[in-house]
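Undergrad: Take a look at this one; I'll ask things after.
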Amino acid sequence: MPGESRTFWFVVECKSRSTPEAVEMAIAKARAASSRQVHPMIQVPFLGPDRLEHLQAIGVSGVDLCGNGVMIVPGRAWVVHTGHPNQYRESRPLQNPFRGQSGLVARALAAKPHWDDLTSLLGWMAQGGAKVSQPQASKAVRALKEELIVAKQDRKIELRDPERLLDKIASQWRPPEFHKRSMFRLPANDDGWSTRLSSDPRLRWAVTGGSSVSRYVMFAQGGPRRIAVSDLAAATALLRGIAEPIPGFADVELVESQDSELYFLPVVDEAGVRWAGRLQTWLELQAGDARQREAARDIRGQILKEMRS
């Protein structure tokens with residue numbers, strides 16, 4: 001009632017970190033210790049708008065050390081204060097588990113969500129073309145666990161939030177840098193170019209996602225097929241194509257890049273062509289034009305279906 005003076009009691013669970021894992025643990029403990037007269041509240045270094053919305057949705061109060069918070073007493077009080085920036089940046093064992101070499105662990109989990117242990121995960125990644133050390137992979141899994149994307153029990157590793165994993169990978173994705181490029185025409189009926197490229201074990205190569213889309217969805221493509229290679233000079237010698245400066249007449253465009261994500265987990269067909277996998281194809285398309293983004297939505301659906309099967 002207006003003008004009514006009341007005292008509300010809260011049981012507060014404090015955590016020194018603001019990771020999703022720490023927040024969820026604090027919520028669970030505060031709820032377990034609460035009662036009808038004592039309401040649950042958490043305190044962490046920082047609560048952003050998304051976290052505050054989540055707390056409101058589940059009816060748990062929360063305050064941070066930056067001036068943000070929500071106080072909820074069902075049927076009596078509802079106070080929200082937000083807008084203060086984070087003054088307590090998280091330090092974690094890995095700066096970014098969604099990009100670069102460490103990001104390959106996240107991609108591996110997107111391709112195969114359940115693992116008995118880290119050793120088997122690393123062995124499978126090595127077969128897919130990834131060079132990730134055990135300490136690096138361990139830190140990546142730990143960071144994904146803190147984000148509540150991965151669950152780890154004993155030695156087993158299990159993906160628990162496929163959609164959030166894809167969202168995080170997409171938000172951190174950056175287009176690959178191509179330092180050199182050349183276009184070529186291939187001899188008529190030349191079906192051996194992929195075998196020649198694969199004959200040098202030191203050369204990494206794969207068709208880019210933008211040129212692999214028609215493998216996964218109906219999509220009309222024009223222009224030369226773009227192939228990423230780790231060494232343009234070596235690939236050019238093996239390809240045995242004829243230099244062609246006009247894109248409309250070229251069959252193949254070789255682009256040089258050291259980006260490991262381009263060569264990880266390719267899909268190899270009967271002719272030995274290394275096509276980009278669905279994940280890499282989706283990432284490249286979701287940053288493109290309207291037609292490409294529409295195709296990307298279909299491919300994302302395919303990825304999620306495979307992850308949940």
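Undergrad: If you bin the C-alpha pair distances of the range 180-308 every 10 Å from 0, what whole percents do you get?
TA: Answer for the range 180-308: a P(r) of 13, 43, 33, 10, 1 percent.
Undergrad: Can you bin the range 9-81 into rounded, prolate or oblate? Criterion: square roots of the alpha carbon gyration tensor eigenvalues sorted a ≥ b ≥ c, rounded for a/c under 1.5, prolate for a/b above b/c, oblate for the rest.
TA: Note, shape of the range 9-81 comes out oblate.
Undergrad: Which of Ala126, Thr236, Gly222 sits farthest toward the positive end of the charge dipole of the chain, with +1 on the Cβ of Lys and Arg and -1 on the Cβ of Asp and Glu?
TA: Going by the charge dipole, the pick is Ala126.
Undergrad: Please express the shape of the chain as an equivalent ellipsoid: the semi-axes are the square roots of 5 times the eigenvalues of the C-alpha gyration tensor, given largest first in whole angstrom.
TA: Over the Cα atoms of the chain, the semi-axes work out to 50, 20, 16 Å.
Undergrad: Can you give me the long-range amide H partners of Gly288? Hydrogens built in the peptide plane at 1.01 Å from N, cutoff under 5 Å, separation of 5 or more residues or another chain.
TA: Result for Gly288 returns Arg293.
Undergrad: Let me ask something additional. Under a 5 Å amide H to amide H cut-off, with H placed in plane at 1.01 Å, what residues pair with Gly277 once short-range neighbours are removed?
TA: Amide H neighbours of Gly277: Val267.
Undergrad: Output wanted: per-residue J couplings in Hz (rounded whole) for the range 171-188, from phi through Karplus 6.51 cos²θ - 1.76 cosθ + 1.60, θ = phi - 60°, x for Gly and Pro.
TA: 5, 9, 6, 10, x, x, 9, 9, 7, 9, 7, 8, 10, 9, 9, 9, x, 4
Undergrad: In Å, what Kirkwood hydrodynamic radius results for the range 100-172 from the alpha-carbon pair distances?
TA: Taking the inverse mean of 1/r over all distinct Cα pairs, the range 100-172 comes out at 12.0 Å.
Undergrad: Which three numbers, in whole Å and largest first, are the semi-axes of the equivalent ellipsoid of the range 60-125 derived from its Cα gyration tensor as √(5λ)?
TA: For the range 60-125, the ellipsoid semi-axes come out as 40, 17, 9 Å.
Undergrad: Pop out the ³J(HN,Hα) list for the range 189-199 in order, Karplus 6.51 cos²θ - 1.76 cosθ + 1.60 with θ = phi - 60°, rounded to Hz; leave Gly and Pro as x.
TA: 6, 7, 9, x, 4, 5, 5, 5, 4, 7, 6
Undergrad: Still on this structure: Once both axes come from the Cα atoms, what is the angle between helix 290-308 and the longest principal axis of the chain, in degrees from 0 to 90, rounded to 10?
TA: Roughly 70 degrees between the two axes.
Undergrad: Return the lysines within reach of Lys112: Cα separation strictly under 25 angstrom, same-chain partners fewer than 8 residues apart disregarded; answer none if there are no such residues.
TA: Partners within reach: Lys131, Lys139, Lys145, Lys152, Lys156, Lys168, Lys305.
Undergrad: Considering only DSSP beta bridges with both partners in the range 180-308, what is the antiparallel share in %, to the nearest 5?
TA: 70 percent
Undergrad: Filter the GluC sites (Glu not before Pro) in the range 1-103 down to the DSSP loop ones having no more than 15 other Cβ atoms within 10 Å, then list what survives.
TA: Of the GluC sites (Glu not before Pro), the ones in loops of the range 1-103 whose Cβ has at most 15 other Cβ atoms within 10 Å are Glu4, Glu90.
Undergrad: Per 5 Å bin from zero, what fraction in whole % of the C-alpha pairs of the range 46-185 is there, up to the bin with the longest pair?
TA: Calculated over all Cα pairs of the range 46-185, the distribution is 2, 9, 15, 15, 14, 12, 11, 9, 6, 3, 2, 1, 0, 0, 0 percent.
Undergrad: Determine ³J(HN,Hα), in whole Hz, for all residues of the range 149-160 in sequence, where each value follows from phi through the Karplus function 6.51 cos²θ - 1.76 cosθ + 1.60 and θ = phi - 60°; x replaces Gly and Pro.
TA: Calculated HN-Hα couplings, in order: 8, 10, 10, 10, 10, 6, 9, 6, 10, 9, 6, 10 Hz.
Undergrad: Summing -39500 (n - 2.57) over the DSSP H runs of n ≥ 4 in the chain and dividing by its residue number, what mean residue ellipticity at 222 nm do you reach, to the nearest 500 deg cm²/dmol?
TA: -11000 deg cm²/dmol
Undergrad: Filter the GluC sites (Glu not before Pro) in the range 221-285 down to the DSSP loop ones having no more than 10 other Cβ atoms within 10 Å, then list what survives.
TA: Sparse-neighbourhood loop GluC sites (Glu not before Pro): Glu270.
Undergrad: Let me ask you something else. Loop by DSSP (not H, G, I, E, B), at most 13 other beta-carbon atoms within 10 Å: where is the longest site-free stretch of the chain for trypsin sites (Lys or Arg not before Pro)?
TA: 241-309
Undergrad: For Cys14, which sequence-distant residues (separation of 5 or more, or a different chain) have an amide H within less than 5 Å of its own amide H, given hydrogens modelled in the peptide plane?
TA: For Cys14, the qualifying residues are Gln43.
Values quoted throughout were computed directly from the atomic coordinates according to the rules given, and no laboratory measurement underlies them. All values derive from a computational prediction rather than experimental measurement. So basically every Cβ, Gly included, is an ideal-geometry build from the backbone, and we count neighbours across all protein chains shown.
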